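The structure under discussion appears below in the form of structure tokens.
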Amino acid sequence: MAYNVTWTLTRPNAETALPTVESISADNKSETDAALTAAGITKGYEVDGLVTKVVYVAPDKATYESVQTNSDSFTDESTVRTSYKSALQAAGITCVISDSEGNEIANF
């Protein structure tokens, strides 16, 4: 059964741009995209005004978690995680990460 993880990013106003992983590390973005594709995980976007949802759809939870576990070895991974969160917070963008099982994974 498919397993989804959704990042709901809410900007404070229309002038605030969402930061990108690629602006922090193009190598990390490339490695992540390749790992997602190889695992059969798709990433889509839904935009509604100030709210952008990034939706990851995996064949199952184990597949998603496997890619997440392996991501620790990606180039600049710890820097990307810290820098991306800091960039969101500095811009006043809220982030809620939840899954299709009804779990809230993160909220900042």
If Asp48, Asp60 are placed from fewest to most neighbouring beta carbons inside 10 Å, the sequence is Asp48, Asp60
Once you treat every alpha carbon in the range 3-107 as an equal point and sum by Debye, what is log10 I(q)/I(0) at q = 0.17, 0.18 Å⁻¹? -0.85, -0.96
With only helices counted (DSSP H, runs n ≥ 4, each -39500 (n - 2.57)), the per-residue ellipticity at 222 nm for the chain, to the nearest 500, works out to -11500 deg cm²/dmol
With θ set to phi - 60° and the Karplus curve 6.51 cos²θ - 1.76 cosθ + 1.60, what are the ³J(HN,Hα) couplings of the range 81-89 in order, to the nearest whole Hz, using x for Gly and Pro? 4, 5, 5, 5, 4, 4, 5, 4, 5
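For the range 76-108, which GluC sites (Glu not before Pro) are both in a DSSP coil and crowded by at most 16 other Cβ atoms within 10 Å?
Numbers: sites: Glu77, Glu101, Glu104; in loops: Glu101.
Passing sites in the range 76-108 are Glu101.
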Got the relative contact order for the range 62-108 handy, in percent, Cα pairs under 8 Å and 6 or more residues apart? 20
Quick check: residue separation of Ser83 and Asn13 times 0.36 nm, minus the Cα distance between them. What number comes out in nm? 23.1 nm
Shape parameters for the range 18-60, alpha-carbon atoms, Rg then Dmax in Å: 11.9, 32
Reachable lysines, given that their alpha-carbon falls under 17 Å from the alpha-carbon of Lys85 and they are not under 8 places away in the same chain: Lys29, Lys53
Hey, what did the range 1-63 get for relative contact order, percent, Cα under 8 Å, at least 6 apart? 51
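Any read-out appearing in this document is the output of simple, stated calculations on the displayed coordinates, not a laboratory observation. Fair warning: this is a prediction, and the values are worked out from it, not measured in the lab. Every residue, glycine as well, gets a Cβ built from its backbone with ideal geometry; the counts of neighbours run over all protein chains shown.
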